[in-house]
Structures are given as C-alpha cells and as structure tokens.
Amino acid sequence: MKQIKIPKLAVWKFTSCDGCQLSILDLEDHLLEIGQRIEIAYFLEASSRKVKGPYDISLVEGSISTPEEEETIHKIRKQSKFLIAIGACATAGGIQALRNFRDVAEFQKIVYPNPEYIETLKYATPISHHVRVDLELRGCPINKTHVLEVISALLIGRKPSLPHHSVCIECKKRGNPCILVSKGILCMGPVTSAGCGAICPAYNRGCYGCFGPSESPNLHAFISLAQRLGITNSTLIHALRSFNAFADSFREASIYLEASEES
C-alpha cells in the first residue's frame, strides 16, 4: 500500500516581536485540526521539535536585519515549496524599519555602550527584498483567520480568498461614520488594507495602518484631503512611518512630505 505524504509546515522567526506567531497559536482548536492534515515540522514558538526540510509551506515572520538572517532566509527559500511572509515586519520591514530613514550607526552609539560588537545591516527590510515570496499576509499582527484560509486553500489546491479592499469598506459594513471627514481625526483607513474589521474607527480612533497599504492606495488624494482638514505634514509623516513605514507607497509619501517640510 502506497504511503500518503503529509505536507510539512514550518514557521520561522526573524527580527520581530513574535506577535504573528502568537496569532497562529490563537487558532487553538483550528490549529489542532490543521495538525491532523499537515505535519507541523518546525515551529519553535509552539514546540522544540525540529524536523528537517524540505517543507511544503514556510510561514516567515520578521524583517531581515542582520547578516545572519540574510544568509538564513536564502536557505529557507531553497527548502520551501511555498514561502509566505506574515505580518508587517516580514512584508514591510516593521517598526524596526524606522531606522532606514536615518543612520543606524548613530542609533547604535546611543543605545549600546560597545556598538562595535553589534552586527547589523544598514537597513531592516522585508523578506521580498531578499528572496522570492509566494504570498504576503499583512497586519501587525496578522489576522488568524487569514492564516487558516491560506493553509486550507493550499491543502486543497485552490487560490486563497483574501480581502483586497481598504479599511473604509469594513467601516461601511460596521456602520461606522467616517471620523476623518466628520471629526477631522487622522485616519489611515482610505489607504490601508482591510483585515482588522475596522476596530479603531469603531471606537473613534483613527486607523493606524496596521495592515499596510491597500492594493492601489491614492496617497496623493489622501494627503490633499488631510491637509485641507488642517492635519499637518509632520503628523502625516508620523502616521505613515509606523508599522509599515518601509512599504513602498507609505515610504515614498513620507519622504515626499519630509522634503516638503525642509524646503
């Protein structure tokens, strides 16, 4: 009798806070069910068990920030059939990518008494800057149901069904009034990918952009509207440079605004 091959899943961590891995663990009963259909071969946040590759699915959390990480991600790519970057750090550099706008050596001098012992790259960058990525799951942290959808889809050989609209659509579904227009509160919802269920606007707080840029964000129109509402460039720069500061559209918009401030 031919033995049925069980797919192998690996979960990897680079520079990050572990929040996205905790979101996977938060699947709880669903994770136990997945474990009956797939072998969780490497997931140090959950178990010390280590099974050698190759792996059918690799979920990668964190940005590439050190020479060692840069070397390791290439090894993981070679061992992985599907490589999926999960979370803001892996897809857009994360909070640590804020250093990319300044000289990292200056930060090292301020933070460490002996910076010469620190090995780091000049920039903290997304996984896609180093290897081919088959899919990205946005969020800080990721939405656990998105993980479940992706793994389920890959197991049966279909394309994952993930949202591509902005947070504004989620606000409409919840019946939230637009706090950007009605209250003048800065809200990144118009240019941010859906995935959180519009939690912050539902409690009269502006969206922080946790899920990164939406599919086709119109940053020019968004900035123009915010400026007409009296929101300053410095405030806009601060909003753009948060969890997804090094995402292409957010980065370019913040650099443009910073140049406008200096001129």
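FYI, it's all coordinate maths here, none of it is from the lab. In this text, all values refer to a predicted model and were calculated from it rather than measured experimentally. Here Cβ is always computed from backbone atoms with ideal geometry, including for glycine, and neighbour counts include all displayed protein chains.
Going highest first, how would you order 153-161, 108-116 by mean Cβ packing within 10 Å?
Details: 153-161: 12.0, 108-116: 10.0.
So the order, starting with the most tightly packed, is 153-161, 108-116.
Just order 42-52, 84-94, 133-143, 200-210 by mean Cβ neighbour count inside 10 Å, highest at the front, would you?
On the way: 42-52: 12.7, 84-94: 29.3, 133-143: 22.2, 200-210: 19.3.
Ranking, from highest mean packing down: 84-94, 133-143, 200-210, 42-52.
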> How much FRET efficiency would the formula 1/(1 + (r/R0)^6) give for R205 and E28, where r is the Cβ-Cβ distance and R0 is 25 Å, rounded to 0.05?
Replying inline: 0.35
> With the Cα gyration tensor of the chain giving a ≥ b ≥ c as the square roots of its eigenvalues, does the rule (a/c under 1.5 for rounded; else a/b larger than b/c for prolate; else oblate) give rounded, prolate or oblate?
Replying inline: oblate
>> At 7 Å along Cα-to-Cβ for each site, give me the label-to-label distance between H129 and Q79 in nm.
In response: 2.4 nm
>> On the principal axes of its Cα set, how long, how wide and how thick is segment 167-262? Give whole Å, largest value first.
In response: 40, 25, 19
>> I'd like to compare 65-72, 54-61: which one has the highest average count of other Cβ atoms within 10 Å, and what's the full order after that?
In response: 54-61, 65-72
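For S48 and I156, what does the FRET efficiency come to when R0 = 51 Å and r is the distance between their Cβ atoms, rounded to the nearest 0.05? Before the final figure, lay out each step's value.
Numbers: r = 30 Å, r/R0 = 0.60.
The value I calculate is 0.95.
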> What nm distance separates the two modelled labels at F101 and E149, each placed 7 Å from Cα along Cα→Cβ?
Replying inline: 3.0 nm
> Fully extended, how many nm does the chain gain between D248 and K173 (0.36 nm per residue separation, minus their Cα-Cα distance)?
Replying inline: 24.2 nm
> In deg cm²/dmol, rounded to 500, what helix-only [θ] at 222 nm does the chain give when every DSSP H run of at least 4 residues adds -39500 (n - 2.57) and the total is split over its residues?
Replying inline: -11000 deg cm²/dmol
> Roughly how many whole Å is it from the C-alpha centroid of segment 112-173 to that of segment 32-50?
Replying inline: 20 Å
> Going down the table (K50/K81; K13/K172; K13/K173; K50/K109; K13/K122), which pairs top 26 Å between alpha carbons?
Replying inline: K13/K172; K13/K173; K50/K109
> Given a Förster radius of 22 Å and the C-beta distance between E39 and E71 as r, what FRET efficiency does 1/(1 + (r/R0)^6) yield to the nearest 0.05?
Replying inline: 0.25
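Given 0.36 nm per residue, what is the gain on full extension from I255 to H165 after removing their alpha carbon distance, in nm? Don't skip to the end; give the middle numbers.
On the way: separation 90, 0.36 × 90 = 32.40 nm, distance 2.49 nm.
Length gained between I255 and H165: 29.9 nm.
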> Based on the Cα atoms of segment 26-167, what semi-axes does the equivalent ellipsoid have, where each is the square root of 5 times one gyration tensor eigenvalue, given in whole Å with the largest first?
Replying inline: 31, 18, 14
>> For a quick check, take a GNM of the chain with Cα springs below 10 Å and name the residue from A245, A194, A226 with the largest mean-square fluctuation.
In response: A226
